Amino acid sequence: DGRLIYISHKGFLPGPYAHRTALDEVVQMMGGLAYMTGRPGDPLRAGSSVNDIMGGMFGAIGAMAALAQRAVTGKGQEVQSGLFENNVFLMAQHMMQFAVTGQAAAPMPSRISAWGVYDVFTVKDDEQIFLAVVSDSQWAVFCEAFGLKDLLADPRLVTNNDRVRARDWMMPLLRNRMTQHTASELSSVFEQQGLPFAPITKPEDLFDDPHLKATGGLAPATLPDGRVTHVPLLPITLGGNRPSLRMNAPRLGEHSDPLLAELGYTKDEILAVGNTPAAKKI
């Protein structure tokens, strides 16, 4: 069928690496992401299977582009999506920094921050919270909110670039003063003042996230063993609505009969397959 559109997910797009076996961690290591995530000399994979997930996304995007093209040409085509090429796309920002400036990007843990305050703070009761102050107006708001008038008046801290250069002595002062507050107190003030902040959240904590619960971002789902849980929905709205969960993860063999029928097997043939010793063990 000349109108057929089909997706082929690859480790590598056609070329010298096409014969290699790819895994998410493999392409993270060879594609610069592990280098950028870990400390110098200690490459570390990202904390999610980003290439597996995004490789699927680009396959879907390619399919939609092929559908749009077919509407004009009447012809289908193969769409390929590669894990390695996906990872390289993620590294484009660092590659282009080097191309434009001639300066190689340092791994994230040792990078020179572009902002004066852009850090994880350990505060009262040993809780942690991420706090950011990324503009001169935010610096003024931050200092006023926490009574840091001495720092606001310090001529060495007037601009963001000044504060970046002063991080060696400024950050210990800020860390010490922030220990007087709980993470909850800091969150409240930062939210009221419109300053960027974030709690340090574990994945399992997201099941109870008030925003996700209030907006319906977590959909009820039934696991193959019958337990009920919730799963995150796609991070988009269509016409103001989140696309819902299409189906639960299937139980082993749940869709065997309709799939075999779709392939052209008769009811008797399907019944015969279901009566084999191997099928009965399922």
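The values are calculated or read from the model by the stated rules, or taken from the named source; none is laboratory data. Since this is a predicted model, take the numbers as computed values, not measurements. Don't worry about glycine lacking a Cβ; one is built from the backbone with ideal geometry, like all the others, and counts go over all protein chains shown. Accessible surface areas use protein heavy atoms only, side chains included; no ligands, DNA or RNA. Shrake-Rupley method; radii C 1.70, N 1.55, O 1.52, S 1.80 Å.
Surface calculation, 1.4 Å probe, protein heavy atoms: LEU33 sits at approximately 20 Å² accessible.
Within the full protein context, the accessible area of MET91 is estimated at about 20 Å² for a probe radius of 1.4 Å. With the Cα gyration tensor of the range 83-230 giving a ≥ b ≥ c as the square roots of its eigenvalues, does the rule (a/c under 1.5 for rounded; else a/b larger than b/c for prolate; else oblate) give rounded, prolate or oblate? Cα axes put the range 83-230 in the oblate bin.
Which trypsin sites (Lys or Arg not before Pro) in the range 31-109 sit in a loop by DSSP (not H, G, I, E or B) and have at most 15 other Cβ atoms within 10 Å of their own Cβ?
Working: sites: ARG45, ARG70, LYS75; in loops: ARG45, LYS75.
For trypsin sites (Lys or Arg not before Pro) across the range 31-109 that sit outside H, G, I, E and B with at most 15 neighbouring Cβ atoms in 10 Å, the list reads LYS75.
With a/c under 1.5 counting as rounded, go ahead and sort the range 138-181 into rounded, prolate or oblate using the C-alpha gyration tensor (a ≥ b ≥ c being the square roots of the eigenvalues; past the cut-off, prolate if a/b is larger than b/c, else oblate). Since a/c reaches 1.5 but b/c is at least a/b, the shape of the range 138-181 is classed as oblate.
Give the carbon-plus-sulfur fraction of the accessible surface of the range 1-104 in %, rounded to a whole number; probe 1.4 Å, heavy atoms of protein chains only.
Details: 4060 of 6590 Å².
Using a 1.4 Å probe with all protein chains present, the range 1-104 comes out at 62 percent carbon and sulfur.
Think of a 1.4 Å ball rolled over the protein heavy atoms: the range 1-129 then has 62 Å² of accessible area per residue.
Among the trypsin sites (Lys or Arg not before Pro) found in the range 179-248, those both in a DSSP coil and sparsely packed, with 16 or fewer other Cβ atoms within 10 Å of their Cβ, are ARG227, ARG246. For the range 109-196, with all protein chains in place and a probe radius of 1.4 Å, 50% of the accessible heavy-atom surface sits on carbon or sulfur. Given a Förster radius of 41 Å and the C-beta distance between VAL120 and HIS19 as r, what FRET efficiency does 1/(1 + (r/R0)^6) yield to the nearest 0.05? With R0 = 41 Å, the Cβ-Cβ based efficiency is 0.45. With the whole protein complex present, HIS9 retains an accessible surface near 110 Å², based on a 1.4 Å probe.
Excluding ligands, DNA and RNA, what is the solvent-accessible area per residue of the range 139-282 at a probe of 1.4 Å, expressed in Å²?
Details: 10240 Å² over 144 residues.
Solvent-accessible surface per residue comes out at 71 Å².
Note on THR182 and ALA99: the model spin-label points, each 7 Å out from Cα along the C-beta direction, lie 5.0 nm apart.
Take the Cα of GLU127, step 7 Å toward its Cβ, do the same at ASP168, and the gap between the two points is 3.4 nm.
Cross-link pairs exceeding 31 Å in C-alpha to C-alpha distance, out of LYS149/LYS202; LYS10/LYS267; LYS124/LYS202; LYS124/LYS213, comprise LYS149/LYS202; LYS10/LYS267. Computed on protein heavy atoms with a 1.4 Å probe, the accessible areas place LEU4, LEU131 in the order LEU4, LEU131, largest first.
In whole Å, how far is the Cα centre of the range 112-142 from that of the range 222-243? So the separation of the two Cα centres works out to 34 Å. With the Cα gyration tensor of the range 108-156 giving a ≥ b ≥ c as the square roots of its eigenvalues, does the rule (a/c under 1.5 for rounded; else a/b larger than b/c for prolate; else oblate) give rounded, prolate or oblate? Cα axes put the range 108-156 in the oblate bin.
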